[in-house]
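To keep things clear, I will list the structure first and then write my remarks on it.
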Amino acid sequence: MPHVITQSCCSDASCVYACPVNCIHPTPDEPDFHTAEMLYIDPVECVDCGACVTACPVDAIKHDGSLDPAEKVFLELNADFYREPRPRPLLAPVVPPLQIRAPGALRVAIVGSGPAAMYAADEVLTIPAARVRMYERLPQPGGLARFGVAPDHQRTRGVSRQFDAITANPRLELVTGVEVGTDVTHEQLLADHDAVIYAVGASTDRPLDVSGADLPAVSSATRFVAWYNGHPDFADATFDLSQPRAVVIGNGNVALDVARILTTDPERLAATDIAPHALKALRQSKIQDVVVVGRRGLAQSAFTVPELVGLTSMPDVDVVVSDEDLQALPETDPRARILRDLPRRPGNRRIVLEYLQSPTTISGAPDGVAVEFARNELVAAPDGTTKVKPTGDLHTVTAGLVLTSIGYRGRPAVDLPFDDARGTIPNDEGRVVGVAATYVTGWIKRGPTGFIGTNKSCAQETVRSLVADYNAGLLA
């Protein structure tokens, strides 16, 4: 296998279009693109040209001879994806260039400056003479790429270099420190532009609805991530790191990120761009164990396999999973080969992955809080899915800090409709329902799914809808 995609894959599909033999999948036009944890290179079809290496914005693609020991698992993961034949054309479908009717230049306002906004701007700017004005509430751009990616994921953060190149385009004007809906209205944006794209993400947490969730020792993983990444809104936040145990409720990638940061040697973090106030606090931390709790089983874990590889490759942290949970995993599940036979090293900090538990109440305790969990079992539902059912068995875990990580949620935008159940702005292929010349992209469009690069294909769809409307004379 000449080249291998590794854990920092952002799924933006730049490599797909660079590959001359269409050996990288899934492609954005394939149905499993939006659910795949990463992209994969076919070990048989790869011709070792290196075009994908140059195209990758996060340095995720390596030659198989240059893999680190912890990355060897990606040889198997890439090969596993192609165990079954995958029908595909010789070349990936070519995306036709955008064209607009003459005369005049298209003027687009974009609200937000995270990955979804950047990919939308990049797409608009492929049109000669088109201009973009991007509005960001904070003093600096970046959104999720700046304030959501863990500081020790340096390669993933490398996508910011691509975004810097986009903002350097002379046809893009970046306006920071301005909040749309407060400092400037939607109507003012429409008066100055042909169209407005909202790329405002899903910036709030899904709340934990149990008694005691508002205690001082309980916070959200989102707040914790923003705090250690230096988000100005959370610079004054405080977290109790004085007790030996922390609990993270939820087990997605963000949950594993915060568990990893809580247990990583602070001196290793000192070489990253972690916020100085967070590094100072982590140097004084007494946390030895982080318990990451999921309400379903190991097979239904919300984290991705690449994220798990990063967690288990930490030399000074042990990842612990019970034999009972491991036995429930099929041998063919890649998590099985990663989690079996993990070392137990005396003196190491620990990340304990626990399953089939749901929090019921949180109460104060002498050294923090006590979290009561109800044990669950998995049962088959009539529709063929697997559901969680409480067993009636309760147990309590004490901790100095509890972080909830049970999902993100979008917030309403001023003057736009909002689907409260889904936490999104109602839209049809990016067109905001019932509002002229207004579009959405990213999480506020489709919900909090996918990865940084998934926003690229999402933005392409939205901008193509915008251009089609412009050419039809609907934005005049």
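The values are calculated or read from the model by the stated rules, or taken from the named source; none is laboratory data. Keep in mind the model is a prediction, meaning the values are calculated, not measured. So basically every Cβ, Gly included, is an ideal-geometry build from the backbone, and we count neighbours across all protein chains shown.
Of note:
- Ser457 modelled with pLDDT of 95 or more, outside any strand (DSSP E or B) and over 20 Å from Thr185 (Cα atoms): no
- Counting only residues that are part of a loop (DSSP other than H, G, I, E, B) and under 20 Å from Pro426 (Cβ atoms), the stretch 196-217 holds 6 of them.
- The set of residues in the stretch 426-454 being polar (S, T, N, Q) and either within 14 Å of Val124 (Cα to Cα) or outside any helix (DSSP H, G or I) (or both) consists of Asn427, Thr438, Thr441, Thr449.
- Search result, residues across the stretch 308-341 that are charged (D, E, K, R), within 13 Å of Leu298 (Cβ to Cβ) and in contact with a Gly (Cβ under 9 Å, 6 or more places away or on another chain): Asp325
- Looking at the stretch 80-195, the strands (runs of 3 or more DSSP E) lying wholly inside it that each contain 2 or more residues that are of a type in the set (Val, Ile, Thr) sit at 107-111, 172-176.
- Any hit, the stretch 55-64, residues being modelled with pLDDT under 90, outside the structural domain of His193 (by TED's automatic domain parsing) and not small (Gly, Ala, Ser): yes
- Residue in the stretch 408-428 that is closer than 30 Å to Leu466 by Cα, surrounded by fewer than 13 Cβ atoms within 10 Å (Cβ to Cβ), of a type outside the set (D, E, K, R) and in contact with a helix residue (DSSP H, G or I) (Cβ under 8 Å, 6 or more places away or on another chain) present: yes
- Residue satisfying all of: in the stretch 310-335; among the aliphatic types (A, V, I, L, M) and in contact (Cβ under 8 Å) with a residue 40 or more places away in the chain; nearest to Cys9 (Cα to Cα) among these: Leu311
- Failed item in (1) in a strand (DSSP E or B); (2) surrounded by fewer than 23 Cβ atoms within 10 Å (Cβ to Cβ); (3) of a type outside the set (Gly, Ala, Ser), with Val4 passing the rest: (2)
- Residue check for Leu98: outside the structural domain of Leu39 (by TED's automatic domain parsing) and loosely packed, with under 15 Cβ neighbours inside 10 Å: no
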